[in-house]
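Let me begin by presenting the structure, written as structure tokens, before commenting on it.
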Amino acid sequence: MHNINRAVWVSVVACAVLVAASGTAKTVLETPPWARVVSHTYRFATDSTTPEADESLNAFGTPTARINLGPYYNGWQNPDPTLPIPQTSGKPGSGAWDLGAGPTGEIRIAVPVGDRALAEDFTAYRVRLSVTVTAYGKMVAMPGLEVPQHALNCLSYEIKHAFDDPLLGAWSNCVWNASLSGVMTNEITLVITADQHWGSIIDEVEIFALAEEVDRLYTAMGVPVEWYQQHGLEQEEGQNWNDLDFGDADDDGALNWQEYYAGTDPTNAQSRLRITKIEAASPLEPARLEWLGGNTGSQAPYIIESATDLWEPEWEPVGTQERGETSIHVWEGTDMIYQPFRVFRIKAPNDIDCPN
Ligand SMILES: [Ca+2]
Ligand SMILES: [Ca+2]
């Protein structure tokens, strides 16, 4: 029997991240009640890298799609069942795209959503969005969804079984429901990104969108315009409020939008979200975290997440913490660590008002 008295039992790595999603989860519907204003379905029945939508309803114009292939791609998979590998071809009657790995492997779709953006009295759109991507689930992974330079506010995400493959595996429907704020153009760009490690195979894409013109309350990243005004930040000549999101007014490495989510001061370089202490007395004790944050912006509670590795971390929420009066925040876990290696992160969500 060894009796080793080790000073450090647990290696703990800390990182602080910001998430663009806010917490209000909505019930996912097969067809949203607001839909059928703009809707498109892509089945990818040909190997065209600029496919046309198979079904379209859109008074504002025609969407344009582009397929970009990443490392290890197999390209378009013909659905012809006489081919030797029909199992990768998706639903009968249409093909599927083996995009290879992201972020190079992607499907980029520009969707017209309105016709008011050039009008003199235009303010901004809020765009409701529902996207379903049918993807293969064996040896490859589910894709991601992004709208460049925009946060997916009020995001809910769900994976549902779509259909079994005749030979092996199964196809899943990845369903995103979200809203975009501060949309200043008549067209939005959706980017479906293949998984970075495993790649993704995409059989179908279904898009619903509804643009509503609203008072300009939020920027593209979901920051209240009023918050910028309170901190004396103004857009420069030729810019709009969205451009402020990606500035770093105090040069502390945290973008202005990130400071809003974090609750820190965008004009004070000392005020920046960071973990300052992380400790556990032994693997039989819970972890204790200290970090600097704030309550000057978003009021949504911080989310503490934990994982057992950093290569493909499966982050699990382990607690929440209300925004404090001072910048110092403390969270103490209740569960034992067990593993010899454990990582933690603090997520700072947005608190934007979601459409009903
Ligand atoms: Ca900053
Ligand atoms: Ca700051």
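The values are calculated or read from the model by the stated rules, or taken from the named source; none is laboratory data. Being a predicted model, the structure only gives us computed values, none of them experimental. Backbone-built Cβ (ideal geometry, glycine too); neighbour counts: all protein chains shown.
Which residues, taken from the stretch 228-242, are closer than 21 Å to Asp353 by Cα and either away from ligand 2 (no atom under 16 Å from the Cβ) or not assigned by TED's automatic domain parsing to the domain that holds Arg274 (or both)?
Passing the criteria: Gln229, Trp241, Asn242.
Considering only the stretch 258-268, how many residues are in contact (Cβ under 8 Å) with a residue 40 or more places away in the chain and either more than 6 Å from ligand 2 (Cβ to nearest atom) or aliphatic (A, V, I, L, M) (or both)? Talk me through it step by step, then tell me what you get.
To start, the set of residues in the stretch 258-268 that are in contact (Cβ under 8 Å) with a residue 40 or more places away in the chain comprises 258, 260-264.
Of the ones still in play, those that are also either more than 6 Å from ligand 2 (Cβ to nearest atom) or aliphatic (A, V, I, L, M) (or both) are 258, 260-263.
Residues in the stretch 258-268 being in contact (Cβ under 8 Å) with a residue 40 or more places away in the chain and either more than 6 Å from ligand 2 (Cβ to nearest atom) or aliphatic (A, V, I, L, M) (or both): 5 in total.
Could you tell me which of the residues Ser271, Ser282 is within 16 Å of ligand 2 (Cβ to nearest atom) and part of a loop (DSSP other than H, G, I, E, B)? I'd like the intermediate steps shown before the answer.
Values: Ser282 fails: within 16 Å of ligand 2 (Cβ to nearest atom).
When all the criteria are applied, what remains is Ser271.
Check every one of the strands (runs of 3 or more DSSP E) wholly within the stretch 107-182 and list those with 2 or more residues that are among the β-branched types (Val, Ile, Thr).
Working: elements: 124-136, 144-146, 153-164.
Result: 124-136.
If the Cβ limit is 7 Å and pairs must be 6+ apart or interchain, which residue in the stretch 97-112 that is in the same structural domain as Val147 (by TED's automatic domain parsing) pairs with which residue that is aromatic (Phe, Trp, Tyr) and surrounded by fewer than 23 Cβ atoms within 10 Å (Cβ to Cβ)?
Cβ pairs passing all conditions: Trp97/Trp76; Asp98/Tyr73; Leu99/Tyr73; Gly100/Tyr72; Gly100/Tyr73; Ala101/Tyr72; Gly105/Tyr73; Pro112/Phe60.
Consider Asp245 carefully, then state whether it is within 23 Å of Glu106 (Cβ to Cβ) and within 16 Å of ligand 1 (Cβ to nearest atom).
On the way: within 23 Å of Glu106 (Cβ to Cβ): yes; within 16 Å of ligand 1 (Cβ to nearest atom): yes.
So Asp245 passes the test.
Just to be sure I understand, how many residues within the stretch 254-289 are near ligand 1 (Cβ under 8 Å from one of its atoms) and among the acidic types (Asp, Glu)?
1
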